1. To the nearest 20 Debye, how big is the dipole of the chain about its Cα centre, given +1 on the beta carbon of each Lys and Arg and -1 on that of each Asp and Glu?
2. By how many nm would the segment from Asp306 to Glu468 lengthen if fully extended, with 0.36 nm per residue of separation less the alpha-carbon distance?
3. Hey, which lysines would be in cross-link range of Lys254, C-alpha to C-alpha under 17 Å, not counting anything within fewer than 8 residues on its own chain?
4. So for region 342-447, averaging the separation of alpha carbon pairs under 8 Å that are six or more residues apart and normalising by length, what relative contact order in percent results?
5. Suppose only helical runs count, i.e. DSSP H with n ≥ 4. What mean residue ellipticity at 222 nm does that imply for the chain under -39500 (n - 2.57) per run, divided by all residues and rounded to the nearest 500 deg cm²/dmol?
6. Taking every DSSP beta bridge that has both residues in the chain, what percent is antiparallel when rounded to the nearest 5?
7. For Lys424, go through the lysines and keep the ones whose alpha-carbon is under 16 Å away, minus same-chain ones fewer than eight residues off.
8. Amide H to amide H, which residues 5 or more places from Trp9 or on other chains are under 5 Å from it, using H placed in the peptide plane?
Amino acid sequence: MSLKSKSNWVLPKEKTNDDIVGYILRSRGIEKEKFLNSSLSDIPSFENLYDSKSAAKEIVKAVKDGKKIVIHGDFDADGICSVSILWEFLFKELSKHLNIDINVVPYIPSRVDQGYGLTESSLNDVLQLEGQLLISVDCGVRDKELIKRFRDEKGLQFVITDHHQPPEDLTDGLDYTLVHPMYPKKEYPNVNVCGTYVTFLLIQAIKEDVGMESNINEDTNGLDLVALASVTDLMPLQDENRVVVKYGIKQIQKGKRLGLNELVKISGIELKDIDSYHLGYILGPRINAAGRIGSPLDAVKLLVSDKESICKSIANILNETNFERQYLTQNGIDEAEEIIDGSDDKLLFVVNDNWHEGIVGLIAGKLNEKYHRPVLVGTRSEEGIKGSARSISGFNVTKALSSCDMYLDRYGGHELAAGFTVKKDMEKEFAKCIHDLANTEITEEMLIKNINVDLLLSSENINRELVESLDILKPFGYGNSKPLIGLTKLIVFKKYIMGKLGNHMKLICKGDGIDLITLVFFNCFEDTEEIKINDRIDVVGGVGINSWNGNEDIQFLVKEWRYST
């Protein structure tokens, strides 16, 4: 593997020296004062979330009437967190407040046997559980006809909460309660929030309806899981999302949720060190693994249990499941690469008979990252092809799927990510449709990956003061990425090969300051041979502190490099 750049670097016109934080935020079109000083009190109330009050009243009435409630979620981390906070609130907090037992159970369908969202199979499961009111979380917005049929024919009541892109005819004949941030002409101030965020606001609406404290503060239960879901579901970490992630991380660090504590321990990290990186790349994947190839209800039990033995046992299960998920994913990526074999198609559609449905999204994500093209990955089954899509800026993959929906049983998602099921024996027709659409809409310019460099600095600026300044911008994540720094015309002074496989490298370079600068390259086997002493190179990457054996060093982690011109 090589880190040698194939991208178009968009560099600032000149080197930056003063007010680095202000410069970065201005260049990203973000107001500095609002960004740095926002707090939980700035979160728009549930009153701005259409139909949340009606939903709250329906749920409270069902509770007081003694009806059995089933919370129907999705099998990803957002769905799992949504189910967890609503079940925990109804079963524990609301039950205690009203001094009654609330008959509420969590339910998440099988990814393999039933698929995403509300299905006939999952609704029949709810009826077998003797459910009388179904509350959907993180799903249901595209299932209007199914909902009406089960309501009219089976007497099942529904309260739907979701955040996924709604269909254009959403409000036509809509006669049940739907809580959605994109409700037409009734939009929430920030439509880019996760399903758990929506569920969290619904809980506050229920609290107000029954006279509980509904103002959100640092100790409001559930902020930790809203943070976890916001990061794993790739919500842009600006405005409300940044606030809930910031305070949710603080809540996790306090160690109040036993299940997360055990997951943190087995992951080999410290509670005090938790940040958005750990949510997205350490804890989130272990929660997601349960829904991909394990049992998602195990993850729910982990997040709501107050018994240490149960939490330890499930944390171990999720950790092992995640290792298996990693193995299956890498095998799938290798096999997909063989199928692609140098394809120059503007869109990649890769299908295999043997891939686990739970990993097709991960394969799609990795291929999308590598080739910078929309990628659809599917696995064949008796029902057709179940797949997942990842896209690039400018090509709305969910809208693309809607243009080919005559070949699909179901689909749904966002602009850059979606899930879909191709009808049996319609693979060739769907492939032609989606490829024709991509060839029409995707320009050659869209296929060139731009790397927007936030700062062009002198090597002498790479110091502790810079690290501390950039930390002010945390939490980092999608929509608020860790600042990317460019350094130019560095001369390679020394080279050290690292790692048992010799696939990492450390360069000591001379820049435009007095001190030498340390560059670290990971997974760069080809570069260890190509880069030589006295070469002059440019690099883009991030800065951090390397702590080892009681010592701390400032180092530059290289994302991409190129020869200086």
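Derivation of every value follows stated rules applied to the coordinates shown; laboratory data play no part. What you see is a predicted model, and the numbers here were worked out from it, not measured in a lab. Don't worry about glycine lacking a Cβ; one is built from the backbone with ideal geometry, like all the others, and counts go over all protein chains shown.
1. 820
2. Roughly 54.6 nm would be gained on extension.
3. The reachable lysines, counting only those whose Cα sits under 17 Å from Lys254, are Lys246, Lys265, Lys272.
4. Values: 206 pairs, mean separation 26.3, N = 106.
It comes to 25 percent, rounded to a whole number.
5. Helix-only estimate at 222 nm: -11500 deg cm²/dmol.
6. Numbers: 50 of 78 bridges.
Rounded to the nearest five, the antiparallel share is 65 percent.
7. Lys386, Lys432
8. For Trp9, the qualifying residues are Ile451.
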